[in-house]
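Reading through the structure tokens given below for one structure.
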Amino acid sequence: MEYVSLKGTINSAIKVISFSPYLVRFELKTKERTYNCLVAKDALNFMYLAEQSAPIAIFGHFNKRHQLIVDKYHVRTVVYANV
């Protein structure tokens, strides 16, 4: 399994594609190309933190369909709740 580390921006709307298990999809745009990404680990937290065009750094691996499975992520612009 080949692991990659990438930095870029979220280029699409963040969509839930499965509820059991919870699976989220988005596009990552880097300087070189665009990647189709899936988040399963900590997907609910990702939905809360991430928004379209936010800068993001991810670490993950590719599946058989050449989709990037995100193992770890860091969203640079965090949305905080008004407390």
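Just to verify a result, which residue in region 12-70, among those that are among the β-branched types (Val, Ile, Thr) and touching a helix residue (DSSP H, G or I) at 6+ places or on another chain (Cβ under 9 Å), is nearest to Glu2 (Cα to Cα)? Here the answer is Val70.
Being outside any loop (DSSP other than H, G, I, E, B), touching a strand residue (DSSP E or B) at 6+ places or on another chain (Cβ under 9 Å) and either among the β-branched types (Val, Ile, Thr) or loosely packed, with under 13 Cβ neighbours inside 10 Å (or both) is a condition met by at least one residue of region 23-32. Note on region 5-22: residues that are under 19 Å from Arg76 (Cα atoms), in a strand (DSSP E or B) and of a type outside the set (S, T, N, Q) amount to 4.
Coordinate-derived values only; no laboratory data. These numbers come from a predicted model, not from an experiment. Cβ sites come from the backbone with ideal geometry, for glycine too, and all protein chains shown count toward neighbours.
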